[in-house]
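Okay, structure first, notes after.
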Amino acid sequence: MISDQQLKQLVEAAIFAAEDPVTLDQLLNGVLADFRLNKPRLRQVLDGLQEDYKDRGIELVEVASGWRFQTKPELGPALVHMWPERAPRYSAALLETLALIAWRQPVTRGEIEAVRGVSVSTQIMKTLQERGWVKVVGHKEVPGRPALYATTKAFLDYFALQSVADIPALSQPRPELEEIFDNSAIASSKNQLELHTDDTRERDNQEETSQ
């Protein structure tokens, strides 16, 4: 029989040692496979660990792909000096394109160009897809059937988000964006995005009720 403290230590060690975020299922079917544990109990353990790390330099967070340890965001400016190599620098055009996809997904390249007022280069779209932040989730049912782009779990993980619902709202209203994007075609295409976007917390809650 494992004690509560031993259980917390085991879960802590498993997440710490993992290279990627760890899901509840991975924990239950892996390091905790020999113990009778359900998801509600495991979530209690994770909540306890989050509380333990609340005032420390690292924190336990849930992102789209699971649970992971990461450094506190406010310590980033100091920690960056530990690595002499520069982080990749992205152009303003690429970041604007990524922002539009994140806030208005799923969206076509033509709709992005309509907002930005300039064409979106093939290289920008290629870079975003190679980075793993953007993927094609379907095609818009209009002549030519242009590809619909949306963000990925890798994008959510990078920005420490659990789902697209956690993406911060635009700081100021942008009527010109609403006029271009808010139409029936875009609204209907949102259903396609839902088929490709996993909200990990909702999924886990559904599984918990079935146990």
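The values are calculated or read from the model by the stated rules, or taken from the named source; none is laboratory data. What you see is a predicted model, and the numbers here were worked out from it, not measured in a lab. Glycine also receives a Cβ, built like all others from the backbone with ideal geometry; neighbour counts cover every protein chain displayed. For the accessible areas, the whole protein counts, side chains as well, though only heavy atoms, and no ligand, DNA or RNA atoms are used. Shrake-Rupley method; radii C 1.70, N 1.55, O 1.52, S 1.80 Å.
Among the residues of the range 38-65, count how many are over 15 Å from Ala13 (Cα atoms) and either assigned to a strand (DSSP E or B) or open to solvent by less than 40 Å² (accessible area, probe 1.4 Å) (or both).
So the count comes out to 7.
Give the range 106-134 a look and list any residue that's closer than 15 Å to Ala154 by Cβ and out of contact with any Phe, Trp or Tyr (no Cβ under 7 Å at 6 or more places or on another chain), or say none.
Thr127, Leu128, Gln129, Glu130, Arg131, Gly132
Given (1) exposed (fewer than 15 other Cβ atoms within 10 Å of the Cβ); (2) in contact with an Asp or Glu (Cβ under 8 Å, 6 or more places away or on another chain); (3) not aliphatic (A, V, I, L, M), identify the lone condition not met by Gly76.
(2)
Among the numbered criteria (1) among the acidic types (Asp, Glu); (2) free of Cβ contacts under 8 Å to residues at least 12 places away in the same chain; (3) over 28 Å from Lys126 (Cα atoms), which single criterion is violated by Glu59?
Of the numbered conditions (1) among the acidic types (Asp, Glu); (2) free of Cβ contacts under 8 Å to residues at least 12 places away in the same chain; (3) over 28 Å from Lys126 (Cα atoms), the odd one out for Glu59 is (2).
Looking at (1) outside any helix (DSSP H, G or I); (2) without any contact (Cβ under 8 Å) to a residue 24 or more places away in the chain; (3) open to solvent by 70 Å² or more (accessible area, probe 1.4 Å), can you tell me which one Phe35 breaks?
Failed condition: (2).
Only residues that are modelled with pLDDT of 90 or more and not in a loop (DSSP other than H, G, I, E, B): list them for the range 66-85, please.
Gly66, Trp67, Arg68, Phe69, Gln70, Thr71, Glu74, Leu75
What tally of residues in the range 4-24 results from selecting those that are small (Gly, Ala, Ser) and open to solvent by less than 50 Å² (accessible area, probe 1.4 Å)?
2
Listed here are the residues, each with its yes/no results for (1) touching a Leu at 6+ places or on another chain (Cβ under 7 Å); (2) hydrophobic (A, V, I, L, M, F, W, C); (3) part of a loop (DSSP other than H, G, I, E, B).
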residue: Tyr90; (1), (2), (3): no, no, yes
residue: Ala93; (1), (2), (3): no, yes, no
residue: Met125; (1), (2), (3): no, yes, no
residue: Leu128; (1), (2), (3): yes, yes, no
residue: Arg145; (1), (2), (3): no, no, yes
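For the range 25-32, does any single residue satisfy the condition of being open to solvent by less than 40 Å² (accessible area, probe 1.4 Å) and part of a helix (DSSP H, G or I)?
yes
Kindly provide the set of residues from the range 102-129 that are among the polar types (S, T, N, Q) and touching a residue at least 24 places away in the same chain (Cβ under 8 Å), ordered by number.
Across the range 102-129, the qualifying residues are Gln105, Thr108, Ser121, Thr127.
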